[in-house]
Every structure is written in structure tokens, then in C-alpha cells.
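Undergrad: Mind looking over this structure? Questions follow.
Nothing in this text is a laboratory measurement; each read-out follows from the coordinates by a stated rule. None of the values given here were measured: they were computed from a predicted structure. Note: ideal-geometry Cβ built from the backbone for every residue, glycine included; neighbour counts use all protein chains shown.
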Amino acid sequence: QSALTQPRSVSGSPGQSVTISCTGTSRDVGNYNHVSWYQQHPGKAPKLIISDVNKRPSGVPDRFSGSKSVNTASLTISGLQAEDEADYYCCSYAGNYLVVFGGGTQVTVL
Amino acid sequence: QITLKESGPTLVKPTQTLTLTCTFSGFSFTTTGVGVGWIRQPPGKALEWLAVIHWTDDKRYNPSLKSRLTITKDTSKDQVVLTMTNMDPVDTGTYHCAHRPHWDKPFDSWGQGTLVTVSA
């Protein structure tokens, strides 16, 4: 069970869109539509922003969207805002009730 | 409203056993499908899933740490306990517990976490 692969960092100017990739295998991301995304600000607990590939929990702005193709899931932040500067983690169900997280991506708003 | 809070020692010595308690409210293990998991994060590093226990008392562990971990629940106290044996300085980090509404759902509510430092 290896960690999912994410880029270390991405950046964009306010109003722009950024996309974070999350690459797994056919044993996790590719085999289940149970990919979630978390946002974590410094010193805070992670916050769930996307579940089941593309579902937004109540209260999460619609500028956050998710998708998946084969073994890679993606999180897109449209209309980037200053408060979106944070670390983002993907997470996938890996069968047998196990889960695996990605290595995290730091989003910087220029 | 679901809340979770972790408690335990802030400092442990190498080779010692760590015992952490997660005390929660707003849900119960009498609810079908519910689970509570533990996730840790070394300083400046990524999240790592450790273990989860479900309403049926089914327990699952991160395969790479399975030999060192034990997770239990006390339904009457609304608590989950995680023990990790043979602690090492690389185990230093913030340990979070989190609520999982169902086996195929993500952890949707998290505790603030507790920082554990492993040092002689």
C-alpha cells in the first residue's frame, strides 16, 4: 500500500484555476469511486472538501471540483482566492476497509 | 454536531508504548456502519492513515504498521483507544482521530490532533 502521488506544489494568481493531480493504481484510485480530498491550513485539522470523486459536502464552495480518469484523480480550484492557500491531500479507498493518502500538495496564491 | 478530541502523553521515550484516547460526541457505535480512525502527520509531512475500528468491532490497520498497532473501542464511554508499541523518534507527529460514517465513506469530522514527541 504505497502513498498516492501528488505534485509537491502548485500556484496561481487570484481568479485563476489550478488543478492538483493524485495518481494511484488499479488497486485503489482506479478500482473505486471513493476518492476524497482534504484541505489543511497550517496548524489546523484537515477539512473534507470532496468525497466520492466529485461530491461536495454542505458548505464547501462550488469553485472546488473533482474528477477521475483511470488511476488519476484531480482536484480543480476555479477562481482561486487567497483563503484557498493551504495544503491539499487526496485519499482513496484501497479495498478491505483500508485507505491511503497522497503526499500532499501545497497551493500558493501569488 | 460531531466532535472528537484526542488525549494522551505529549512525550514518550524510544521503545515505549504510546496509548492515545479519542473521546467523541454526536454519534455512537450503535449506528450501523460508523467507524473511527486514527491518522498521523509528522511535522511538515503528509497524512498517514494508521487504523480504523467499525461498529461491528471490525478492525483494520495500515499494513506497514500493523504489527505495532492495536485499536479498541469502549461503546459505553464513546471512546476509541490506539496503542502503538516500540516508539521511535520517526513516530513523532500529530495524531488525529476522525469519524467515518460508513466503510466506503471518507473521514468527515476530525479531532484537532495531539502532538506526540518521541525523544530520550
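Undergrad: I need to check one value: relative contact order of chain B, counting alpha carbon pairs closer than 8 Å and at least 6 residues apart, in percent.
TA: In percent, rounded to a whole number, it is 36.
Undergrad: I'd like the projected area of chain A, averaged over all directions, using the convex hull of its alpha carbons. Report it in nm² with one decimal.
TA: 6.4
Undergrad: Between beta-carbons, use under 12 Å as the cut-off and find the net charge around residue B:42, counting Lys and Arg +1, Asp and Glu -1.
TA: Net charge around residue B:42: -1.
Undergrad: In whole Å and largest first, what semi-axes does the C-alpha gyration tensor of the range B:1-99 yield when each eigenvalue is scaled by 5 and square-rooted?
TA: Ellipsoid semi-axes (Å, largest first): 23, 14, 13.
Undergrad: On to the next question. Let me know the Kirkwood hydrodynamic radius for the protein assembly as shown, please, with Cα pairs as the basis and the value in Å to one decimal.
TA: The Cα-based Kirkwood calculation yields 17.9 Å.
Undergrad: I would also like to ask the following. Scaled to the compact-protein estimate 2.2 N^0.38 Å, what is the alpha-carbon radius of gyration of the range B:68-120, rounded to two decimal places?
TA: Ratio of Cα Rg to 2.2 N^0.38 Å: 1.33.
Undergrad: Taking a threshold of 27 Å on the Cα-Cα distance, which of the pairs A:68/B:45; A:55/B:66; A:68/B:66 fall above it?
TA: Those over the limit are A:55/B:66; A:68/B:66.
Undergrad: Considering only B:26, B:35, B:93, give the residue with the highest GNM mean-square fluctuation for chain B, with springs between Cα atoms whenever their separation is below 10 Å.
TA: Looking only at B:26, B:35, B:93, the largest GNM fluctuation is found for B:26.
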